[in-house]
1. Could you give the size of the charge dipole of the protein assembly as shown about its Cα centre, using +1 on the Cβ of each K and R and -1 on the Cβ of each D and E, expressed in debye and rounded to the nearest 20?
2. Round to a whole angstrom and tell me the spacing of the C-alpha centers of the range A:179-195 and the range B:146-173.
3. What angle do you read, to the nearest 10 degrees and between 0 and 90, between the alpha-carbon axis of helix A:182-191 and the longest principal axis of chain A?
4. Please identify which residues in the range B:220-242 have an amide N closer than 16 Å to a label point set 7 Å out from the Cα of B:R280, following the Cα→Cβ vector.
5. Helix-only mean residue ellipticity at 222 nm, the protein assembly as shown, DSSP H runs n ≥ 4 weighted -39,500 (n - 2.57), per residue, nearest 500. What is it?
6. Under the rule of at least 5 residues apart or a separate chain, name every residue whose amide H is placed under 5 Å from the amide H of B:E126.
7. Sorted from fewest to most neighbouring beta carbons within 10 Å, what does the list B:V123, A:V120 look like?
8. Long-range amide H contacts for A:T277: which residues qualify at under 5 Å (H placed 1.01 Å from N, peptide plane, sequence gap of 5 or more or a different chain)?
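Coordinate-derived values only; no laboratory data. If you're wondering where the values come from, they're calculated on a predicted model, not measured in any experiment. Here the Cβ positions follow ideal geometry from the backbone for every residue, glycine too, while neighbour counts run over all protein chains shown.
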Protein chains: 2
Amino acid sequence: MNLRKLGEDRLLARFASHLPLNRKVIAGAGDDCAVVDSPGADELLLLKTDCVVEGVHFALRTPARSVGWKAMARPLSDFAAMSGVPQFALVTLIAAPATPVAWVNALYVGLAKVAALFDVSIVGGETSATTGPTVVTVSVAGFAEKKRWISRSGAKPGDELFVTGRLGGSLGGRHLRFRPRIAEARWLTEHFSIDAMLDLSDGIGADLPRLAAASRVGFEIDQGSLPRNRGCTLAQAIGDGEDYELLFAVAPETSAALQAKWRKRWSLKLTRIGHLTARRRSPPKVPRGYVHFQQR
Amino acid sequence: MNLRKLGEDRLLARFASHLPLNRKVIAGAGDDCAVVDSPGADELLLLKTDCVVEGVHFALRTPARSVGWKAMARPLSDFAAMSGVPQFALVTLIAAPATPVAWVNALYVGLAKVAALFDVSIVGGETSATTGPTVVTVSVAGFAEKKRWISRSGAKPGDELFVTGRLGGSLGGRHLRFRPRIAEARWLTEHFSIDAMLDLSDGIGADLPRLAAASRVGFEIDQGSLPRNRGCTLAQAIGDGEDYELLFAVAPETSAALQAKWRKRWSLKLTRIGHLTARRRSPPKVPRGYVHFQQR
């Protein structure tokens with residue numbers, strides 16, 4: 001059975017009943033839009049869309065379940081970056097009509113697994129045919145309390161910089177099975193004042209300059225302190241990308257208490273990698289991370 | 001200049017300042033997620049994602065501005081279908097690195113034009129490289145009042161069926177420049193009780209059976225009454241698809257007043273095309289409309 005034979009209506013009907021839903025969902029997949037109860041008045045609506053493309057973010061031979069995992073986990077990682085709570089996801093699958101339905105089944109297993117981990121309801125989506133590589137886009141809506149959302153732009157000179165986990169070498173397999181750091185990010189904003197945060201998707205060499213530019217500050221990194229995954233060079237830790245770890249900035253007077261409390265709560269590594277400075281005229285020399293259109 | 005040379009950061013920076021934004025936008029393109037003020041407590045959150053694919057929804061030679069128009073207008077038409085108010089859009093562009101920046105510029109002109117017509121803010125998006133056909137996905141969030149949102153599933157036997165505008169022949173050009181019927185839908189739910197509604201994207205031959213199935217009713221259509229575009233056969237009006245007109249069901253006692261009031265307010269044609277019946281064992285014989293995976 002392939003997508004051409006199944007048809008869109010039957011494809012949707014087949015998956016709609018298996019999608020994770022929470023009780024805020026009033027109309028899910030099958031109507032023109034998803035309809036969900038809106039968050040409260042002291043909350044902000046967060047929206048994010050992201051895509052994975054065959055040949056760019058996954059290979060033809062990548063198991064469909066891993067493709068689904070990655071497609072859902074990527075936008076959820078952006079919720080982590082803002083200390084947001086993801087709630088509702090829409091999935092768009094663009095695939096060749098000859099795509100086996102078993103492949104689509106496995107894709108949805110992966111999508112639904114990550115979604116369920118974070119209590120996210122898959123409330124709808126679209127399918128379209130294509131003659132080219134398979135594309136999966138996932139759009140997520142959720143919320144953050146007005147006092148808890150973290151942008152990239154609030155960092156100050158003197159702030160200390162932290163990174164969760166370890167960096168580099170994700171293409172060995174971690175890019176297909178990473179955990180969005182939502183629980184860690186929510187814990188951080190519950191206990192501490194975080195000035196700026198993002199998730200490392202393109203590599204710290206590309207993402208740290210983005211945080212610094214958004215906050216209009218400079219930075220100084222102790223490259224020897226960068227937490228590397230086993231077997232990774234410094235250049236890989238800086239430039240490979242797809243780490244999906246958190247990079248955040250906190251005031252120096254918060255630093256010691258945060259590290260102590262973190263160690264009691266999480267087994268995940270937390271590393272102080274440097275600090276922010278006044279803005280510089282010439283940007284510091286850091287190898288650039290992965291940037292889609294410049295990579296090839 | 002093409003996408004490979006420009007790079008994603010500069011692409012985003014170039015467009016971010018031109019995107020339409022309203023004052024509910026707290027963080028738009030450039031941060032990890034879009035952050036927007038949430039709707040009030042007596043409103044429901046509406047979410048929709050849709051895509052256009054080169055070779056399926058538009059041709060290689062289609063002007064980029066028209067591609068942008070269509071990409072944005074399609075999900076907005078789904079808001080019309082629910083009598084919803086779209087507010088925020090996220091755009092994902094998946095294109096070859098060699099895509100000219102002028103093409104992307106024109107695409108955004110088209111996207112922004114429809115968005116501005118309906119006061120929709122483009123709050124972010126993603127770009128990715130691909131080796132295949134260009135894909136544009138647009139995700140939209142908005143609201144509908146709890147008392148005004150219209151699903152497909154509320155129609156009752158005896159309800160009369162109406163269609164706005166004319167059907168058929170959209171591939172001659174209308175599929176690239178249609179107007180989502182948001183104002184008309186909002187007017188309908190302001191003045192009348194609408195039992196069920198959808199937008200005709202796949203052709204009434206496919207979409208009416210969907211409305212009937214969702215409402216667990218049957219239908220009887222006076223095929224001679226179907227409003228056709230000039231030069232279209234009945235089969236085209238039923239099966240071509242991409243009309244993006246509204247199909248809705250109202251109680252028979254509402255029918256006359258609705259038609260009279262509509263004629264005073266709108267120049268757009270409104271046609272009574274039939275009525276709903278009790279559910280039937282065998283579905284009525286209507287040519288099937290456009291269904292993506294069965295089309296080729």
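1. 720
2. Distance between centres, Cα-based: 46 Å.
3. 40
4. B:220-224
5. -9500 deg cm²/dmol
6. B:V91, B:T92, B:L93
7. Taking fewest neighbouring Cβ atoms as first place, the list is A:V120, B:V123.
8. It is A:G158, A:G218, A:F219, A:E220, by chain and number.
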